[in-house]
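Only the coordinates and a few stated rules stand behind these numbers; no lab work does. These numbers were taken from a predicted model, which means no experiment stands behind them. Cβ: placed from backbone, ideal geometry, glycine included. Neighbour counts: every protein chain shown.
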Amino acid sequence: MTEKLTVAVLGTGIMGAAMARNLARAGHDVRAWNRSRGKAEPLAAAGVRIADTPAAAVEGADAIVTVLYDGPAALEVMAQAAPALRPGVRWIQSTTAGIEGIAALAAFADEHGLVFFDAPVLGTKEPAEAGALTVLASGPNGDATANAVFDAVGAKTVWTGPDGADGSASRLKLVANSWVLALTHGIGEVLALAEGLHVDPQRFFELIDGGPLDAGYARIKGGLILEGRTDQASFGLDTAVKDARLIVEAARGAGVRLDLAEAGAERFRRAAAQGHGGEDMAASYYASFTQ
Ligand code: NAP
């Protein structure tokens, strides 16, 4: 095992809770903080210490992992932690924050002398629980502390650049998420159309089975829809609303027109307005049954 580290995890939602558990399982001393304390408390059974404030969580930590809703939330929480931040601490920023969000967070790190890793993750609740995420990382490659954290939460680390402030990991994350969201809307519309045309959805899955049109992700999201399990969120629809916005804003900023992503963002907003915001993003399917 690598050296035992003290790691603060700020944000124990779907992803952060699983990451904190795996850090503790890897033998590290983990302190977790969450705005709604109740969500962090079950982690105590895994040996994680629950902190009352972000500052108490980061006090004396070797590394800080942020897994919050978006960039502004991460900035707000790190500002609360500021009195206890020490220069040289590794900040592994795994919130999907987008381009402007990551720039603001990198500036905060610079101001406080933190060693910043732009480290969004690919993979959802189940890979997070299995410690099998893919970490996209930019920052000082070869840093033993960061690598120990990445090894505990992920199966693979893909380095995109030597400086977290370059935002290269966040840019790759947005590109990857545009694919994830397109697949989710794609299968939602396929199943809505099948329903409308009285086609057995299983015939569609038989048609694509094992061929180049098949996609494991479409089968997972399709399964949630067909089995009426969209309430079992792996990737929350409200989170997808935010990610879709980040993709659309990034594309516009780059002068790139994304028709599908814009329509998809609207689809998520419609499903949220129907009351599906707290469900899995597969609930995009329901947006097909509104005007
Ligand atoms: P989640 O379960 O909804 O958790 C969101 C977390 O952010 C919660 O801890 C929430 O606290 C906290 N939060 C929100 N606004 C806050 C604020 N203003 N101040 C303090 N805390 C705040 O979401 P998640 O799925 O774990 O996602 C976390 C991050 O990982 C997001 O950036 C997401 O895009 C990214 N991500 C998610 C997945 C996935 O499949 N789920 C995959 C890759 C990346 P409360 O509990 O108090 O609400």
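For the range 1-131, the spherically averaged projection of the C-alpha convex hull amounts to 7.1 nm².
Couplings 3J(HN,Hα) of the range 142-157, computed from phi: x, 6, 5, 5, 4, 4, 5, 5, 4, 5, 6, 9, x, 8, 8, 10 Hz, in residue order, whole Hz [Karplus 6.51 cos²θ - 1.76 cosθ + 1.60, θ = phi - 60°; x for Gly and Pro]. Amide H to amide H, with H built 1.01 Å from N, Thr157 comes under 5 Å of Val135, counting only residues 5 or more places away or on other chains.
Summarised in one figure, the compactness ratio Rg/Rh of the chain, Cα atoms and Kirkwood Rh, is 0.99.
The string of couplings for the range 47-58 from the Karplus curve (6.51, -1.76, 1.60, θ = phi - 60°) is x, 7, 8, 9, 9, 7, 9, x, 5, 5, 5, 8 Hz, one whole number per residue in order, with x for Gly and Pro. Close amide-amide hydrogen proximity is noted between Ile64 and Ala8, Arg90, Trp91, Ile92, each under 5 Å apart and 5 or more residues distant or on a separate chain (H modeled in the peptide plane; Pro and chain starts excluded). Karplus-based coupling profile of the range 170-182, in residue order and whole Hz: 5, 5, 5, 4, 5, 4, 5, 5, 5, 6, 4, 5, 5, with θ = phi - 60° in 6.51 cos²θ - 1.76 cosθ + 1.60 and x standing for Gly or Pro.
Highest mean first, the peptides 197-205, 82-90 sorted by other C-beta atoms within 10 Å per residue fall in the order 82-90, 197-205. For the range 171-288, the fraction of alpha-carbon pairs lying more than 21 Å apart is 36 percent, rounded to a whole number. The order of the peptides 131-139, 233-241, 71-79 by mean Cβ neighbours within 10 Å, most packed first, is 131-139, 233-241, 71-79.
The alpha-carbon positions of the range 20-73 define a convex hull whose volume is 85 Å³ per residue. Take the Cβ atoms of Asn141 and Ala182, set R0 to 22 Å, and the FRET efficiency comes out at 0.10. Residue separation of Asp52 and Ala254 scaled by 0.36 nm, minus their Cα-Cα distance, works out to 68.6 nm of gained length. Label positions at Ile208 and Asp238, each projected 7 Å from the Cα along the C-beta direction, are separated by 2.9 nm.
Here each label is just a point 7 Å from Cα along the line to Cβ, and for Glu100 and Arg86 those points are 3.6 nm apart. Between Ile225, Ile92, Ile64, the residue with the greatest mean-square fluctuation in the GNM of the chain (Cα pairs under 10 Å linked by springs) is Ile225. With each label modelled as a point 7 angstrom along the Cα→C-beta vector, the Asp163-Glu266 pair spans 4.0 nm. Which residues does the label zone of Asp231 cover in the range 267-291, counting backbone N under 14 Å from a point 7 Å along Cα→Cβ? Answer for this model: 276-280. Kirkwood analysis of the Cα pair distances in the range 124-198 returns a hydrodynamic radius of 14.4 Å. Over the chain, dividing the summed -39,500 (n - 2.57) contributions of all DSSP H runs of at least 4 residues by the number of residues returns a 222 nm mean residue ellipticity of -14500 deg cm²/dmol. Which of rounded, prolate or oblate describes the range 203-264 when judged by the alpha-carbon gyration tensor and an a/c cut-off of 1.5? Oblate shape, in that a/c is at least 1.5 and b/c is the bigger or equal ratio.
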